[in-house]
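Laboratory data are not the source of any read-out in this text; all were calculated from the coordinates shown. Everything numeric in this text was worked out from a predicted model, so none of it was measured. Using ideal geometry, Cβ is built from the backbone for each residue, glycine included, and neighbour counts are taken over all protein chains shown.
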């Protein structure tokens, strides 16, 4: 076993950064039933806002991250106001358009460096910060899901009409879910910018959005543990496959397809890994 | 049952991952033992794969030659190549792997500024020098007036290339007016446009039209119609050959008679077969003269080995290898700090011209640019040109 910790730490940090938008998307897609292909757009907003706060306004790191998150959240409110009333797939298409629009706007705003990117951002994100932020993020999202609001979101996912009948406001819960999810994506974007020390609109392309959705589905819809595991596995997978050189991404795609066929419900399949679940798991084999 | 299946699956994944990442890597310090390791990163997959693959072949070819002639300071060189699929975050991972796990003594690549900029923090942390091949953004080596200690490059930079094109247009072609069509979503295209405009105006020329398009577009007639109305002497097209072929064809169809000019995104065998007559009589700025005897030597050697014509990147990757090997020889050591210091005083003749690294910029200073004209479906070298 000669894995260098330095290299491993890099991958884990990146996985931890992607975990935030994935957790947000998990709430939106896995628990509220709305698909989004524009979360890279929210990451971009968060990333660029954080960068502006830190370099131009000299605000410290953590407040900048939060401002980045809130800005993304605010933009998602505007988007949600316009599109959340749309039924079915229309919302998904609207987010797709939004994500691309954000990227194209950033590519042409020379103040942020345009398509050439924005180098020289302060390097504040390290492994420890990412782990701490991830733990806080997981705890918050867990509490949201187990609260009354979370149950209402799940009700919206399961059956819109029935939940309306029992008095749940569809719009309100979809909006809450979208805003929390955008906040997570925004903070994730801020972390990415301060990890790389560089932002370029190209980083937040449509491919990034689809990757996030793939991770959520791969991990298992409606499972926080699944999203966490999915983020780690799918960020690490391309690195693990480095020995395949030119064929790496082909193998990556094939591996994802294979796992999805073998386990259509995703890694966790809506289950959560908690302490009691581990206890059950350990008990069961001994019974047999 | 399901849970157990899941646990099995996870275990399997973990085992496979560790087995794969561990295989074939001896983690000895590279300066001990029989071999030293040198890394290359770039796009082996994705939309820039053509260039990346050509680069990695050239680097491998160079060090194979060195190994056949007794190696570097008596040791064999092993080249490790990693794919970045054109993505900055992947480039960071790849460099972490090269420096942390493989313990390379120097890195060649990547071929784009978007990847070369984010890796500098890793290089500084691990103190390993990197020579970028065609990352032409000035900020790859210098940010806010400070030079990045471990980032070098072998190509000239965008301001220089843009300035050369503008200077040549005015001084040699005697142009008074120019129009620019550029890719608004491309960093390279934006950079060239900006510096072309600056120099052209400074030298007394006039930019009469500036139109943008978005990568992936195939119809440029709306922009070209506006350019035609402005009637410029030259039309500057700072982007890659595929779109260049489309635009030049459509422009000639619309009856634009102006001379076309471009940058180092042009030279490719495919441009000539795609655009045919449309690019006839056009000029572009290049890193080298294709007919130079040394360049020809390299071309035949590459073709014999790989079976394809080398792309432009291959020449620069070859020169980057040359630069690194020269620095190691002069440092007479595999210590990365000493190699970095030796790189700062590089003064060698590569196949793309004289490479003299500036200590404060880490760029090759005053590298000659080659002006190439397309005549009778061939790239004809015109002259070396340098901006004063």
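Each principal axis of the Cα cloud of the protein assembly as shown was taken in turn, and the coordinate range along them, longest first, works out to 81, 66, 46 Å. In chain B, the alpha-carbon atoms span a convex hull of 162 Å³ per residue. Shown for B:155, A:92: other C-beta atoms within 10 Å of each C-beta, ranked fewest to most, produce the order A:92, B:155.
Under 12 Å from a point 7 Å along the Cα-to-Cβ line of residue B:173: which residues of the range B:201-245 have their amide N that close? It comes to B:232-238, nothing else. When a/c is below 1.5 the answer is rounded, else prolate if a/b is larger than b/c, else oblate, so apply that to the range A:188-288 with a ≥ b ≥ c taken from the square roots of the Cα gyration tensor eigenvalues. Prolate. In terms of other Cβ atoms within 10 Å, B:153, B:252 run from fewest to most in the order B:252, B:153. How large, in Å, is the range B:162-247 by the Kirkwood hydrodynamic radius built from its alpha-carbon pairs? Taking every pair of different Cα atoms in the range B:162-247, averaging 1/r and inverting gives 12.8 Å. Note on residue A:148 and residue B:214: the model spin-label points, each 7 Å out from Cα along the C-beta direction, lie 4.5 nm apart.
Relative to the dominant Cα principal axis of chain B, helix B:293-306 is inclined by about 60°. By the count of neighbouring beta-carbon atoms within 10 Å, fewest first, B:274, B:61, A:153, A:43 end up ordered B:274, B:61, A:153, A:43.
Rounded to the nearest whole angstrom, the semi-axes of the ellipsoid equivalent to the range B:63-210, taken from the Cα gyration tensor as √(5λ), stand at 37, 17, 13, largest first. At full extension, residue B:292 and residue B:383 could sit 31.6 nm farther apart than now, given 0.36 nm per residue minus the alpha carbon distance. Any idea what angle helix B:187-202 forms with the longest principal axis of chain B, computed on alpha-carbon atoms, 0 to 90 degrees, nearest 10? It works out to around 40 degrees.
Both radii are taken from the alpha-carbon atoms of the range A:152-193; with Rh as the Kirkwood radius, Rg/Rh is 1.21.
What do you get for Rg/Rh over chain A if you use C-alpha atoms and the Kirkwood form of Rh? We get a ratio of 0.98 for chain A. Working note: Cα atoms of the range B:239-347, range along each principal axis, descending, whole Å: 61, 30, 21. The range B:285-333 and the range A:1-47 have Cα centres spaced 40 Å apart. Relative to the longest principal axis of the Cα atoms of chain B, the long axis of helix B:158-171 lies at roughly 20 degrees.
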